[in-house]
1. Just the number, please: carbon plus sulfur as a percent of the accessible area of the chain, 1.4 Å probe, no ligands or DNA/RNA counted.
2. I'd like the Karplus ³J(HN,Hα) series for the stretch 313-327: coefficients 6.51, -1.76, 1.60, θ = phi - 60°, whole numbers in Hz, and an x wherever there's a Gly or Pro.
3. Nearest 0.05, what FRET efficiency do Ala444 and Thr141 give at R0 = 30 Å with Cβ-Cβ as r?
4. Within the chain, what's the longest run with no trypsin sites (Lys or Arg not before Pro) in a DSSP loop and at most 11 other beta-carbon atoms within 10 Å? Give the range, please.
5. Which of the three applies to the chain, rounded, prolate or oblate, going by the alpha-carbon gyration tensor with a ≥ b ≥ c and a/c under 1.5 meaning rounded?
6. Residue farthest toward the positive end of the dipole of the stretch 399-473, with Cβ of Lys/Arg at +1 and Asp/Glu at -1: which of Val464, Leu412, Ser425?
7. Please state the charge dipole magnitude for the chain, taken about the Cα centre, from unit charges on C-beta atoms (+1 on K and R, -1 on D and E), reported in debye and rounded to the nearest 20.
8. Can you compute 3J(HN,Hα) from phi for each residue in the stretch 444-451, using the Karplus curve 6.51 cos²θ - 1.76 cosθ + 1.60 with θ = phi - 60°, rounded to whole Hz and x for Gly and Pro?
Amino acid sequence: MGRVSTTPRRVAAVLVAVTMLLASGCSQPGQRPGSAPASGSTSPSTPAAPDPSPTATPDDPATRAAALVAELGDEDLVGQVLMPYAYGDRATQVSAGSAAGNRALAGVDTPAEMIEKYRLGGLILVGFSADDPTQGNQPTTNVDNPKQVRELTTGLREAAGKLAAGAAPLLIGTDQEYGVVTRVTEGVTLLPSALAAGAAADPALTEAAWRAAGTELAAMGINVDFAPVADVLVTRSAVIGSRSFGADPQRAGQQVGGAVRGLQAAGVAATVKHFPGHGHSADDSHQDLPVLSQSRKKLAAQAWPPFTAGIEAGALAVMSAHLDVRSVDPGVPATFSYKLLTEVLRGELGFQGVVVTDGMNMAPARRWGPGEAAVRALKAGNDLILMPPNVSQAYDGLLAALRDGSLPRARLVEAATRVLTMKFSLAGAPTPELSALATPAHRAAARALAAAAVTVLRGRCDEVAIRGPVTVTSSDGRAHTRTALTEALTEAGVRVVASGGTIVHLVGYGDRAGDLRADAAVTVAMDTPYVLGQAKSPTLLATYSSSRASMEALADVLAGKATAPGRSPVPVSGLSATTCAG
């Protein structure tokens with residue numbers, strides 16, 4: 001599997017040169033040469049361009065992007081910076097309900113027609129599961145199983161290939177974070193959560209597991225993963241929670257780097273999110289505008305290191321967040337903040353790849369209409385507008401702003417060039433066959449990471465194994481996970497009985513003290529482990545994940561076939577990170 005180009009820093013010289021060339025008047029018929037920013041613009045003028053990189057070649061992704069941008073008209077440039085969702089599980093044939101959804105969203109019937117009409121740079125595949133904290137802005141689902149996804153993505157690429165920008169592959173993204181935010185769950189290898197990887201604290205295991213995951217995404221025709229989450233979990237945030245690698249910024253950064261390298265080695269662009277750090281607020285940006293009250297110095301020390309680690313690992317994209325960072329740009333969501341995206345992320349952290357917004361259909365972004373919000377986001381420094389609530393209005397708003405000068409042409413050209421550079425960076429990556437999904441090697445990589453994560457937070461390591469029959473219980477709604485653990489215990493040689501055995505009680509996402517059992521001999525946290533601080537069980541374990549790999553690893557520990565080497569990556573009141581030595 002060929003590694004994609006991971007040199008976003010080298011993009012800058014070629015990108016700025018072509019931006020200045022086009023902005024100064026070298027435009028296609030129908031284009032308006034560079035206009036000065038309108039009064040009230042939040043961004044200063046583009047700085048002078050350095051000479052193009054002497055190392056650039058005609059095959060260099062940035063060079064190819066610059067050449068293609070020089071041929072595109074206004075409508076094509078605008079389309080390339082949009083990445084909406086669509087209704088329907090096929091590109092050209094959808095149900096009546098999906099057609100109605102697409103007409104309301106974009107005035108077309110099918111996803112393919114949406115790509116063609118708006119000359120889109122990409123499309124995001126959406127969906128949600130029961131414990132998904134992001135389900136509030138997932139209005140539909142168009143993922144069912146790998147075969148369906150592969151057919152859908154093939155059809156979407158065929159539609160995009162007819163565009164003027166068709167030489168660059170369509171960006172097809174999804175949120176495959178693993179854990180509570182996992183769009184494709186059937187027929188694929190499911191990794192343990194990011195928090196589990198943080199507990200394992202082995203970047204090599206993380207890289208191997210995420211490379212397996214990237215291979216499977218590529219096999220389904222997905223070339224952008226909106227992962228990994230780089231947020232440092234310093235609050236008990238239900239919206240971030242086990243999506244984070246933990247509370248220590250340096251250790252989290254090591255895991256972020258591993259995930260980025262793994263994904264991009266498989267030909268899938270990694271997206272480090274949610275800058276400038278959603279883990280520093282417990283509020284949910286799907287519903288409100290969370291406030292980060294920390295000082296700039298504290299954020300630089302505690303929130304930004306994992307983003308820097310992802311950038312240094314070569315991440316092709318960073319996602320901006322709907323967060324109000326009071327110490328940098330008070331009252332302005334980071335998505336719309338030039339200070340945060342251009343001055344801090346670009347200027348201080350040195351990121352030269354694609355900045356993509358968080359969902360523009362989320363509440364903080366809907367304080368403006370879709371057109372104005374898209375313009376504001378682009379001027380702040382975003383390059384790709386994700387999930388606008390109305391595609392027609394976002395497209396028309398960007399086009400009108402370009403033509404009346406309120407959106408500087410240089411900014412749009414720069415954004416489109418970055419997007420196309422990422423596309424060409426991905427262009428050479430092969431597409432594996434669907435037989436690459438859920439292979440023994442991939443399952444082994446997930447299992448190794450899950451096994452390294454299992455943690456003993458109370459109880460002696462040498463007394464975790466259970467002798468005699470086991471009764472598995474759980475909080476409500478976890479029958480599937482109980483079954484998975486029962487099967488894994490049975491395979492490990494432990495007899496499981498419906499009642500009367502040693503009680504192993506499972507708690508997971510959203511569970512609280514009322515979901516615990518006082519008579520459980522063992523309580524296991526399958527998400528953030530905070531609730532264990534209130535548990536009475538003599539033995540407390542954490543897997544941080546309810547994946548099958550995690551349940552198999554847990555079964556081996558309970559059967560006495562494996563140790564529990566993990567350490568809690570977040571502090572739990574009254575408990576140590578582990579009771580095991582080493």
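The values are calculated or read from the model by the stated rules, or taken from the named source; none is laboratory data. No experiment lies behind these values; they were computed from the predicted model shown. Using ideal geometry, Cβ is built from the backbone for each residue, glycine included, and neighbour counts are taken over all protein chains shown. Heavy atoms of the whole protein, side chains included, go into the accessibility calculation; ligands, DNA and RNA do not. Shrake-Rupley method; radii C 1.70, N 1.55, O 1.52, S 1.80 Å.
1. Working: 10110 of 20340 Å².
Percent of accessible area from carbon and sulfur atoms in the chain: 50.
2. Calculated HN-Hα couplings, in order: 7, x, 3, 7, 9, 10, 9, 7, 10, 7, 10, 9, 9, 5, 7 Hz.
3. Working: r = 30 Å, r/R0 = 0.99.
Taking R0 as 30 Å, the efficiency between Ala444 and Thr141 is 0.50.
4. Working: sites that count: Lys162, Arg236, Arg460, Arg467, Arg495, Arg512.
Result, exposed sites excluded: 237-459.
5. On the way: a/c = 2.05, a/b = 1.80, b/c = 1.14.
Since a/c reaches 1.5 and a/b is larger than b/c, the shape of the chain is classed as prolate.
6. Leu412
7. Working: 49 positive and 51 negative charges, 153 e Å.
Approximately 740 debye in magnitude.
8. 5, 5, 5, 5, 4, 5, 5, 5
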